[in-house]
Structure formats: structure tokens, C-alpha cells
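Notes for the one structure printed next.
The values are calculated or read from the model by the stated rules, or taken from the named source; none is laboratory data. Being a predicted model, the structure only gives us computed values, none of them experimental. Here the Cβ is made from the backbone with ideal geometry for all residues, glycine too, and neighbour counts use every protein chain on show. SASA here: full protein model, heavy atoms, side chains in, ligands and nucleic acids out. Shrake-Rupley method; radii C 1.70, N 1.55, O 1.52, S 1.80 Å.
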Amino acid sequence: RTGDPVGGGLHGPRLGVDEGWCHDDVAAPIARAIDVAIEALVERGAERVAVSVPQRPELITSWLALCAVEAAGAHAETYPARAEDYGPALRALLDYGRRQPPEVVAAALTDRIAVTRDWEHLFEGIDLLIAPATRDLPPSVAQGREQMRGDGMRRLLSFTAPADLTGVPTISLPTGLSEDGVPYGLQLMGRHRDEATLVRAGYALQEARGWPATMPPAISTAP
């Protein structure tokens, strides 16, 4: 597949690995899946590079404010005029966005610039970054509702909010099944305007892990 931009091989990308970010307070099956994925990518030509992912405590707060404000703007023609057509979770997000004062939005935009600068600096030394998609295994519906309260939202968004806030291209890949047969996964993040490397790495990892041959029973037995 030498002429295939997807299956043509990795060609030595630098794979950033932050051991603490990938393992600390992360469910054991997810952390193990990360290690297996790193090994598979290195076997296929990636160069492992130790990095330290920039951390900003205000990141998720800023992401949530901007996401809510942007969502409220996108739904302005139909919300709140047709609020009865919306589910409770989306209504809560839109109401939150409509309540944000200008100074909060301005602060969040300033944070976005700072976070983006941090991540641009991170990717000066790497081509890819590996991370969990979530800290915890997939929850039940009741557990998922509980996650929306208190610190649960921060746990849920801690690995996805940085890419969303900075616009870093990202691929999420399934890597295993929980004891309940529900898939969990990881993320590969790439450099701006280098989505080709990201897609090749995702394809190589998918082939190495045998996905989608391993499917959740409810999906694999569906007509």
C-alpha cells in the first residue's frame, strides 16, 4: 500500500507520551490499553518521545463557557422559543450559555489563546500525542447522569476539552470492551494541517488492535 495515504505506513512520526497524563487517576483497563497502543505504534515506526502536557486549571471552565455560549448562538432561532422540543441536558447547556456575562466570555477567550499557545509549543517537538478519551470506563445511564454533577463533568472532559478548545485535530479509537460489553477507547491528537499523519496512525492502530473485528454483541448481532 505504498501509494495509499492511509495505509502507506507511519514514516517515523514522533509520538508524544506523558506517562502521568495517561495513567494517573485513569481506569486500569484504559491505562493498559494506552500502553498496548504505544507499543503497537512504535512497532510500526513511531518514535516515542516523553512530553509533559501543559495543564491549566481554568481550561475546562473556559471550555464550558465558550461551548455553552456558542451553542446558545447556534440555537438562537429555536431556543427558547421551542424549548419543549429540547431534552433537559441540552436545555441546561443553552440556559447556561445565555446567562454568561461578557466579562466571563472575554476571560474564557483569553484563556483559549493561552492554552492554544501552550499546545502549539508542545507540538513543536512531536507529531502525535496519545491520551485516554475518558478517565473512567463507560458508565450506566444512571451513572452518566450523576457524572453531570459536581466534579464528574471535569473528569469526563479532562482529556477532550483541550483539543476542542485549541482546535487540535483528534481521532478517537475503540480499544477494548468493559465487563459489560461496552467499548472504551483512546485518543490520538495531531499537528494542525497534518491530519494525514494522524489518519495513518489511527489506521495503523486500528489494524494492530483488530478493530472493528471485535464488536460489542449488541452491534455485531444487529441485522
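See the values below:
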quantity	calculated
Exclusive hit being under 22 Å from residue 185 (Cα atoms) and modelled with pLDDT under 95, set 53, 42, 141	141
Unique residue being modelled with pLDDT of 95 or more and of a type outside the set (S, T, N, Q) when the list is 150, 190	190
Among residues of the stretch 68-93, those that are among the aliphatic types (A, V, I, L, M), in a helix (DSSP H, G or I), open to solvent by 40 Å² or more (accessible area, probe 1.4 Å) and at pLDDT 95 or above, counted	2
Residues of the stretch 172-193 satisfying the condition of being in contact (Cβ under 8 Å) with a residue 24 or more places away in the chain, open to solvent by 40 Å² or more (accessible area, probe 1.4 Å) and either touching a Ser or Thr at 6+ places or on another chain (Cβ under 6 Å) or among the charged types (D, E, K, R) (or both)	180, 191
Identity of the residue in the stretch 160-175, in a helix (DSSP H, G or I) and out of contact with any Leu (no Cβ under 8 Å at 6 or more places or on another chain), that ends up nearest to residue 41 (Cα to Cα)	163
Output for the stretch 50-67, where each listed residue is in contact (Cβ under 8 Å) with a residue 12 or more places away in the chain and either in a loop (DSSP other than H, G, I, E, B) or over 20 Å from the mean Cα position of the chain (by Cα) (or both)	51, 52, 53, 54, 56, 58
Pick from the stretch 1-20, criterion on the phi > 0 side of the Ramachandran plot and open to solvent by less than 80 Å² (accessible area, probe 1.4 Å), ranking: modelled with the lowest pLDDT	9
Extreme residue, farthest from residue 155 (Cα to Cα), among residues of the stretch 121-132 that are surrounded by fewer than 17 Cβ atoms within 10 Å (Cβ to Cβ) and touching a residue at least 24 places away in the same chain (Cβ under 8 Å)	125
Cβ-Cβ under 8 Å pairs, at least 6 apart or on other chains, the stretch 150-166 side under 15 Å from residue 21 (Cβ atoms), far side of a type in the set (A, V, I, L, M, F, W, C) and not in a helix (DSSP H, G or I)	159/131; 159/133; 160/133; 162/53; 162/168; 163/189
